[in-house]
Structures are given as structure tokens and as C-alpha cells.
1. Which residues, counting only those in the range 4-41, are closer than 11 Å to V95 by Cα, over 14 Å from the mean Cα position of the chain (by Cα) and not basic (K, R)?
2. Would you mind finding the one in V292, V257, V273 that is touching a residue at least 60 places away in the same chain (Cβ under 8 Å), outside any loop (DSSP other than H, G, I, E, B) and aliphatic (A, V, I, L, M)?
3. Looking for something touching a residue at least 40 places away in the same chain (Cβ under 8 Å), surrounded by 12 or more Cβ atoms within 10 Å (Cβ to Cβ) and polar (S, T, N, Q) - is there at least one such residue anywhere in the range 350-364?
4. Scan the range 195-214 and give yes if some residue there is surrounded by fewer than 21 Cβ atoms within 10 Å (Cβ to Cβ), hydrophobic (A, V, I, L, M, F, W, C) and assigned to a strand (DSSP E or B), otherwise no.
5. Every residue in the range 139-194 that is of a type outside the set (F, W, Y), in contact with a strand residue (DSSP E or B) (Cβ under 8 Å, 6 or more places away or on another chain) and not assigned by TED's automatic domain parsing to the domain that holds A250, please.
6. Taking S383 and the conditions (1) within 30 Å of I290 (Cα to Cα); (2) of a type in the set (S, T, N, Q); (3) without any contact (Cβ under 8 Å) to a residue 24 or more places away in the chain, which numbered condition does it fall short on, given that it satisfies the others?
7. Residue by residue through the range 193-206, note down the ones that are at negative phi and modelled with pLDDT of 90 or more.
8. Give just the number: which of (1) surrounded by fewer than 22 Cβ atoms within 10 Å (Cβ to Cβ); (2) over 25 Å from R322 (Cα atoms); (3) not small (G, A, S) does R155 not satisfy?
Amino acid sequence: MEFLLIGLNHRTSPLDVREKLTLTKSQWPQALSDMAEYGVPGVILSTCNRSEFYALEPANPQTTEQSSKLKWKGSGEDRIKQFLVDKFDVSLLDVDRFLYVHRERDCVNHLFRVASSLDSMILGEEQIIGQVREAFDIASQSENLPSSLSFLFQRALRVGRRVRRETGIGRNAMSVSKACVELAKNALGDLKGRRAMVVGAGDAGELAAQVLSRSGVDQITVTNRTYARALELARGLSGQAIPFQEFPDALKTSDIVIGCTGSPGYVLEASAVRTAMAARPDRPLFLLDIAVPRDIDPEAGKIENVFLHDVDDLESVSEASRVEKAEEARSAEDVVNKESELFLDWWRTLEVLPTVINLRHKADQIREKELNKTLKRLNGKLSAEEIGSIDSMTQAIVNKLLHEPTLFLKNRPSSTELDLARELFGLSSPLPQEPISRDHVNQDHINNESSDAID
């Protein structure tokens, strides 16, 4: 059983590719169900900077029928990529070169780095661990999540919290919202007296509005498809709310506009921006689109006196923070690397445990059977003490004979070695897909050097 990840992020792909493979939270449950039909149930993590698909390598890659409607065959990588092609209606030729594929240790290490914000565009930002938790929770509710991945994600969340607790990576970290304000300051100068509009009142919109409010803007306007939500957010900031259909007109009086709706297409067309600028040609307009897929037509950035930035432009603002936190980042990387090895050592033990138990059980059955036959032939000629000595001796022989095979399996717990061991020793029970239930997992399975146990 091998952990498998296929994904892309802000480092491997441009925004126009990432937005093709993006899912909103409301779309995750159905996507998880669809992914399971390809024989790779797992976890989907989709944010503005990444889309990642976690699964297990199928036990039998040659299985061809995974659904009553269609057939798929091949490796886990082949199945996930076919799922992406079908789900997002993309050509694999167009996206394949932007995808990364991580297996086993690389997969574990990558997820631990993601949860620790080491792989984030803005080093140390705190939103990512909540996004990982949300991805795990939604996958858990799907009833398709293999317990192996459940263990992995639980551990990743603990590692993320440990990194924030034991290193300074999260101290005074720049958030996406703070980076937005810094970009606005770079374009417009002092924000005091400026008017800002936030398009979208979800989590990202709320954070952006709060940071703008603290930055000295004169007025904040909030708009959202659900007007009641816009009104609620605006009241909390002493701002104003407007109906969603009216926000293009409000461009005429706005200096800063942040788009973060999560809509599948543009909510602000270049033509609306052009109309607004005709009424205010001498006043610059700063547009920041932090939505993926994008909210604002890129053509709007070509209009005179309009400054349009997207989520990828935030990296330039966060670079100074990354340099400043270089030492904390190294400490965090050490924690992640150590935790990755501890988890994998523990996981390999779990994988091999059923075969080792089966082997020792069979050996002990043979030992007891032969011992009883010998004692029966001796017909009471031995004392209880002598019988005890022979029993101890036969146990020691079995333990010594099985010591090397056991070490071999623990150090090389691949499916090939496990299959060979079962065939060699005539073990009838195959290794279960899920070797140990969550109820049997406790702190004793984790090396004592680890800070937390899987719960």
C-alpha cells in the first residue's frame, strides 16, 4: 500500500492552468465521490494556490472494472489523471507537464510541509492548516476515505500545529490579506481616505475587509450574491453593503477593489471597468483578484490608470518575509523531516504487522503440535520442570529462527516481499487492505521521539 499524490501549485503552474483544476468547497463531496469511482478514493485539497489529490496506489493495478458505467485500468497515477481529464474537461497534454507526482515518503513529506505552511506562497500563513483540516473533514464525511489516509492527515495536522508551536515561523506572519494591502500601498501610496470595495463575503472576503479596515481606508463597501451576508459583514466593520448587481456602478467611487467570490467565471468584465474609468479618468483604480478561478477579466488591466493584480502577484510582497524567516523555516523543515521518518517507520510496522503475526502464529502452532507429540511419546517420563525447560527451549528456537525474517520484513515491507513471505511460509491469509483499525492505534506505535500520537 503506497501513499500517492498528484497535484499542481503556484510554483509548478501558471494561474490560467491552476484555475482549470480548481474546485470550490461545495464541489468537493461530489468530486470525492467521482474520484472513488476510478478506484482511487482519497482526499482533495483545493485552494487558490494548489489543487492536490491524495490517494493510495491500488492493490491490484490491473483491475479494469471500477464502475457500472465505465472501465479504468492501470496504476493509481493513471486513474487520477484520467479522473482529472474527465472531471475538469481538460486535455492531459495541456496540464500533465505542470503536475507533480509524489509517492510514499515524498508524499508524506509534502503534505507535512503543506500543513506547516512551508509550501505556501506566503511562508508562515495560518490559513493553510485550516484548509487541510477542512479537506480531511469533508473526505471523512464521504465514507470513502481509507483509514491509511485518515492516519496520514491526522498526523499532518499535528505536525502543522507542532511547527507553529515550536518554531517562530508563524510569528508576525504576513497573511494573504496583509499582502493585499501591501500591494495596494505600493500602487496608491497611503490608504488613508481611500474607498475600498470587497466583492465576496466568504472567508477570504471577510479577512480582506478586516485588514483594509485597520489600514485606514475611509470607507469599506461589501457586496455578495447573498445580500444578507454582505450586510452582516459590513455592519461588523461599520461599512456599507450593496446588492451584487449594483457593484459595477460602485467602481466609479472606489479606489481599491478586491475580488474573492469563488465564482466559476468573471464577475467583473473589462467593459464595466472601462465604463467606470470614463467617469473618473484621473483617479487610479487598484484591482486585486485573489479568486481562483479569477473574478476579474484580465483585459481590465490594460485600461489606462487601472492597476490589476492577481493572486500570483502576492509572492513578490511576501519575499521579504521569507528571507526574514529563513532560520525559522530551517527549524520547521527539520521538524517536518523528522516527523516524516517517524510516521513512515510506524506505518511500515503497521503494514508488515499482519504478516509477522501470521508467521509467528503458524510457527508457534507447529512448535506446540510437535512438542505435544514428543511429550505424549515420552508418556510422563519427564518432570514438570523438565517439560518447562523443553517448552522454553522450543520457544527460543522459534524466536531465533524467525528473528532474521522478521527484521527483513520490517526493513523492506513492500508488497513484493510480503507476498513472497506468505508464499514461502505457506501463510494463507493475505495482507488486509486496512491492516489495523483506528481503534488499535495508540501512542505506543509511534517512536517516543515524536511529540504527539495519532488520535
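The values are calculated or read from the model by the stated rules, or taken from the named source; none is laboratory data. Just so we're clear, the structure is a prediction, and the values are computed from it rather than from any experiment. Neighbour counts run over all protein chains shown; Cβ positions are idealised from the backbone, glycine included.
1. Result: T12, S13, P14, D16, V17, L21.
2. V257
3. yes
4. Among the residues of the range 195-214, not one is surrounded by fewer than 21 Cβ atoms within 10 Å (Cβ to Cβ), hydrophobic (A, V, I, L, M, F, W, C) and assigned to a strand (DSSP E or B), which makes the answer no.
5. The answer is A139, L145, P146, S148, L149, L152.
6. The number of the failed condition is (1).
7. The answer is R194, R195, A196, M197, V198, V199.
8. Status for R155: all satisfied but (1).
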